[in-house]
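The values are calculated or read from the model by the stated rules, or taken from the named source; none is laboratory data. Every value quoted in this text rests on a predicted model; they were computed, and no experiment measured them. Note: ideal-geometry Cβ built from the backbone for every residue, glycine included; neighbour counts use all protein chains shown.
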């Protein structure tokens with residue numbers, strides 16, 4: 001028997017809330033209906049998904065497995081629907097993602113002028129969602145910075161950028177003409193994956209600014225970020241031996257789209 005996505009969606013709601021009443025409210029259905037659907041799903045799978053007793057509801061081992069797989073299954077189904085809908089409706093539209101500091105305006109305007117029937121929009125992406133927004137169809141292509149989780153993507157290398165140290169304005173090395181990595185030995189380095197106070201990861205360039213300006217640490221950023229973002233409490237100094245930042249154009253490897261193929265060819269053919 002095929003797995004019913006509606007039942008899986010109902011199951012995930014109960015599994016996340018561990019409460020049939022609140023799950024029914026979230027799903028906008030009656031609780032008895034929800035209970036019947038869960039029992040039917042358990043019958044379909046020949047597995048008990050929940051332990052029910054006077055203390056409440058808990059997940060069985062099978063339920064824990066279905067929660068992991070079910071979330072991925074529902075996300076994939078939603079992404080498929082979004083991509084199909086976008087492919088089937090007009091006007092033709094491309095959504096182009098970009099990371100902070102990467103200027104796509106000229107490319108998008110040139111492509112739009114050469115293809116007046118295609119609507120082109122830009123959307124900023126962050127390090128922690130850049131791949132997923134491509135894979136789920138939220139953006140069609142994106143200008144990304146490494147590191148990149150490449151699975152499911154096709155990458156077109158575009159260019160590299162030198163990197164500069166982002167320092168507090170009162171840092172001991174502020175005002176230097178340039179630096180080498182050895183000059184920064186002993187410094188506290190901030191990275192996007194670092195956890196801030198309250199276990200909140202640094203997610204955006206703006207959050208990096210706040211961390212650096214407060215004295216929490218320093219970081220390296222592409223020179224384009226330094227050119228576009230300035231603050232009186234932040235300074236930038238070139239680091240001559242820092243590894244260059246790599247920028248690539250990325251799109252879903254298995255997606256069939258003449259619009260995406262056409263945009264890629266226009267980028268390939270653009271002057272460097």
Next item on the list: From (1) over 13 Å from the mean Cα position of the chain (by Cα); (2) under 24 Å from residue 248 (Cβ atoms); (3) exposed (fewer than 13 other Cβ atoms within 10 Å of the Cβ), pick out the condition that doesn't hold for residue 180.
Entry: (2)
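Scan the stretch 5-15 and tell me whether some residue there is out of contact with any helix residue (DSSP H, G or I) (no Cβ under 9 Å at 6 or more places or on another chain) and outside the structural domain of residue 135 (by TED's automatic domain parsing). Steps first, please.
Here is the first cut: in the stretch 5-15, the ones out of contact with any helix residue (DSSP H, G or I) (no Cβ under 9 Å at 6 or more places or on another chain) are none.
No, the stretch 5-15 has no match at all.
Listed residues 210, 206, 187; which is closer than 30 Å to residue 93 by Cα, out of contact with any helix residue (DSSP H, G or I) (no Cβ under 6 Å at 6 or more places or on another chain), without any contact (Cβ under 8 Å) to a residue 40 or more places away in the chain and not assigned by TED's automatic domain parsing to the domain that holds residue 126? Reasoning before the result, please.
On the way: 210 fails: closer than 30 Å to residue 93 by Cα; 187 fails: closer than 30 Å to residue 93 by Cα.
None of the other options fit; the residue is 206.
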Margin query: Given the criterion surrounded by 17 or more Cβ atoms within 10 Å (Cβ to Cβ) and assigned to a loop (DSSP other than H, G, I, E, B), identify the matching residue among 138, 154.
Written below: 138
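Yes/no per residue for (1) exposed (fewer than 13 other Cβ atoms within 10 Å of the Cβ); (2) at pLDDT 95 or above; (3) within 23 Å of residue 256 (Cβ to Cβ):
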| position | (1), (2), (3) |
| --- | --- |
| 82 | no, no, yes |
| 88 | yes, no, yes |
| 100 | no, no, no |
| 111 | no, no, yes |
| 130 | no, no, yes |
| 134 | no, no, yes |
| 149 | yes, no, yes |
| 166 | no, yes, no |
Note to self: Conditions first: (1) surrounded by 12 or more Cβ atoms within 10 Å (Cβ to Cβ); (2) under 25 Å from residue 135 (Cα atoms). Residue 254 passes all but one, so which condition is the exception?
What the structure shows: (1)
Item checked: Pairs where the first residue, in the stretch 133-158, is at positive phi and not assigned by TED's automatic domain parsing to the domain that holds residue 220 and the second is part of a loop (DSSP other than H, G, I, E, B) and modelled with pLDDT under 95, C-beta under 7 Å, 6+ apart -> 152/253
